[in-house]
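Chemist: Before I ask anything, here is the structure I am working with.
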Amino acid sequence: MDGSMDEKADFKGGLEARALAIADACTGCGKCFQACPMAEPAGLGDADPERVLAGVVDILRTGEGNAEGRKWAEVCSHSGFCLDACDDGVDPRLMLILARMSMKRGDSDEMRRAGAANFQEMVRATRILPRLQLNASDLDRVSTKRWTGDTPPDLIFYTGCNVLRTPHIALLCLDVLDALELSYAVYGGPANCCGILQLRPGDTENAGKQAYATIKRFAETGASEVVSWCPTCMVQMGETALPVYEDAEGSTGFDMSMMAVFLNRHLDRLKELFRNRVEKRVALHEHPGSPGVTEAVRAILEAIPGLEFVDLEQPRAGYMCNSLSALPDFRRDLHAAQLEAAEAAGIDTLAGIYHACHRDICSHESDWPFEVVNFLELLGEAMGCEHPDVFKRLKKLQDIDEIVSQSQEMIEHYDLNINEVRDVIAKNMVGEQSLPLKNS
C-alpha cells in the first residue's frame, strides 16, 4: 500500500469483510448472549437469545437488524465472557464491535466531524492535565520518544493516550521497567492513538489511518513485543486493527500484551526487588474484559510481603468503568455495591487496575474509610518507588477555583491558557460523580 487513501480503504474494507465472514460463521445459538453481564441490566433478560443473534447477524449484513440485536450491540462493554462461550470459532466481542460499526451508516461528514471533535478533546486533556501534575523531567519521561537505537528495544511501552491524565501511573510503570533493567521505547499520546475515537462515531477511514500509522511506528523499532497499558488500545489494536493490517501487509513482527500480564511473567524477578512490607488489607476494583489481567494483578498483589488480599466477590462487567457508560445506572449500582462491600470487609485499600477507573472512583476516598489507589502504587511501595497522585488530590477538592489556585505555579510554569485549564478541570475533575457521596 502506497497512499493513505489506500490504507483507509483497506481498513474499512477489511472490517466489512470480517463482518460478513462472522455473519456466515455464526450459527445463532445465542451462547454468547447468555454469557453477557449486560443483557439483564439492559432490559434484555427475557429476550430470546436466537432472536438477538439473528438481529446482530442482520446488522452485520445490512446495517439494520431487530431492536433486540441493536440494543445488545449498543450496550456491549467488552466484558469478554462471550469469548469462551462460542463453540463456532466466532469472536463475539469483535462481532458486536463490527455490528456497532455497521449501524453507523449516516452522513460521513458528520461522522468525521464527530471523530475529530472527540480526538481534539482528548488532545486538550492529555496536554493540560499532565502539566498540572508533573515537572518538566517527569513530563519528558512519559512523552513519546521514537526509538533511535542500533538494536531493537526489549519492548515498546504503549501508554495509550488517556493514562496521561493520571501520569503517576505511567511513571510507576517506567520505574518498574527500569528496575527490571529492560530497554524500552515509550510510545503513546495523540500522535500514536489507536483510532478508537474516530471509530466510535463511525469515521472508519480516519480510524484506519490513525491505527495504521501507529502500527507502522511500532514495527519500525524492531521490538518483538508491545506492552499496552490501556485495554481500549489493546482491543482496538489487537482485535480490530492489527488483524486487518496484517492481512494486507503481512506480519508486523511484534506481539501485544497487557502490562499487568507482562509484569506477572516477571514476578519472580519482581519479588527480588521488594524492599518494604505493605501492611494493608487490599481489595481489587476489577473488570474482566482483558483476559488474564485480573488474575495477574491478584498474583502480583498476593506476592507483596505483608499485603492481605481480600476478594469482595462482586459482579464483574466491562473492561473499564467508562465501558459501562451506556448503562449509567448499572455502573452506579456496581460502584455502590462494591464500596459498601469494601467497607463491610474492613479493608484499608481499594486498588484499581486502569486509569479510567481511577479517575472515576478516586475522589470517593474522601467519604469512605479506605484509600483508593492504582495497584501499581502498592507495587511501587513494595519496591521503594513513589509518585504523588496529584490528580486524586485535586479532584477531591471538587472546586474549580480551588484546583486552579493550587495549580497556579504549574499553570504559570507551562504558560497554559487559563480558560482552557478551567474547562478541562470542569470536564475531568469536577464533573458528575459516579456515585453520590456517602454522607450527602
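The values are calculated or read from the model by the stated rules, or taken from the named source; none is laboratory data. Note that the structure is predicted; figures quoted are calculated from it, not measured. Neighbour counts run over all protein chains shown; Cβ positions are idealised from the backbone, glycine included. Please note that ligands, DNA and RNA were not included when accessible areas were found on the heavy atoms of the full protein model with its side chains. Shrake-Rupley method; radii C 1.70, N 1.55, O 1.52, S 1.80 Å.
Chemist: Please report how far the C-alpha centroid of region 252-329 lies from that of region 191-237, rounded to the nearest whole angstrom.
Modeler: The two parts, judged by their Cα centres, are 23 Å apart.
Chemist: Report the convex hull volume per residue for region 253-304, counting only C-alpha atoms, in Å³.
Modeler: Hull volume over Cα atoms, normalised by residue count, gives 82 Å³.
Chemist: Taking one equal scatterer on every alpha-carbon of region 125-196, how large is log10 of I(q)/I(0) by Debye at q = 0.14, 0.15, 0.20 1/Å?
Modeler: Taking Cα atoms of region 125-196 as identical point scatterers yields -0.42, -0.48, -0.84.
Chemist: In the chain, carbon and sulfur make up what percent of the accessible area (probe 1.4 Å)?
Modeler: 45 percent
Chemist: Show log10 I(q)/I(0) for region 320-389 at q = 0.20 Å⁻¹, two decimals, from a solvent-free Debye sum over equal Cα scatterers.
Modeler: One equal scatterer on each Cα of region 320-389 leads to -0.88.
Chemist: Using Cα-only point scatterers and the Debye equation, what is log10 of I(q)/I(0) for region 26-134 at each q in 0.11, 0.24 Å⁻¹, rounded to two decimals?
Modeler: So the normalised log intensities work out to -0.45, -1.22.
Chemist: Here is a follow-up. In Å², what does the accessible area per residue of the chain work out to with a 1.4 Å probe?
Modeler: 41 Å²
Chemist: Which whole-Hz couplings ³J(HN,Hα) result when phi for each residue of region 34-44 is put into the Karplus expression 6.51 cos²θ - 1.76 cosθ + 1.60, θ = phi - 60°, listed in order with x for Gly and Pro?
Modeler: 5, 8, 7, x, 8, 4, 4, x, 7, x, 10
Chemist: Under the definition of Cα pairs under 8 Å and six or more residues apart, what whole-number percent is the relative contact order of region 141-233?
Modeler: 42 percent
Chemist: Continuing with this model, one more query. In what sequence, highest mean first, do 281-290, 324-333 appear when ranked by Cβ atoms within 10 angstrom?
Modeler: Descending mean neighbour count gives 281-290, 324-333.
Chemist: Tell me the Kirkwood radius of region 150-273: reciprocal of the mean inverse pair distance over distinct alpha-carbon atoms, in Å.
Modeler: One over the average 1/r among Cα pairs gives 14.9 Å for region 150-273.
Chemist: Assuming R0 = 25 Å, can you tell me the calculated FRET efficiency for the pair GLU246 and SER143, based on Cβ-Cβ distance, to the nearest 0.05?
Modeler: 0.30
Chemist: Related question: Any idea what the dipole of the chain comes to, in debye rounded to 20, about its Cα centre with Lys/Arg Cβ at +1 and Asp/Glu Cβ at -1?
Modeler: 560 debye
Chemist: Once the Cα gyration tensor of region 292-434 is diagonalised, what are the square roots of 5 times its eigenvalues, in whole Å and ordered largest first, as equivalent ellipsoid semi-axes?
Modeler: 29, 20, 14
Chemist: In whole Å, largest first, what are the principal axis extents of the Cα atoms in region 74-189?
Modeler: 45, 38, 28
Chemist: Quick one: if the Förster radius is 22 Å, what FRET efficiency do ASP311 and ASP154 give, using the C-beta to C-beta distance and rounding to 0.05?
Modeler: Once rounded, the FRET efficiency stands at 0.05.
Chemist: Here's another thing I want to ask about it. Over the chain, what is the mean sequence separation of C-alpha contacts under 8 Å (at least six apart), divided by residue count, expressed as relative contact order in percent?
Modeler: Reported relative contact order: 16 percent.
Chemist: With N set to the number of residues, divide the alpha-carbon radius of gyration of the chain by 2.2 N^0.38 Å and report two decimals.
Modeler: 0.97
Chemist: What pairs in LYS145/LYS392; LYS12/LYS216; LYS71/LYS104; LYS392/LYS427 have C-alpha atoms more than 20 Å from each other?
Modeler: Too far apart for the 20 Å limit: LYS145/LYS392.
Chemist: Which whole-number value in Å³ per residue fits the convex hull of the alpha carbons of region 91-152?
Modeler: For region 91-152, the hull spanned by Cα atoms encloses 178 Å³ per residue.
Chemist: Same structure again: Considering Cα pairs under 8 angstrom that are at least six residues apart, work out the relative contact order of region 36-93 and quote it in whole percent.
Modeler: 32 percent
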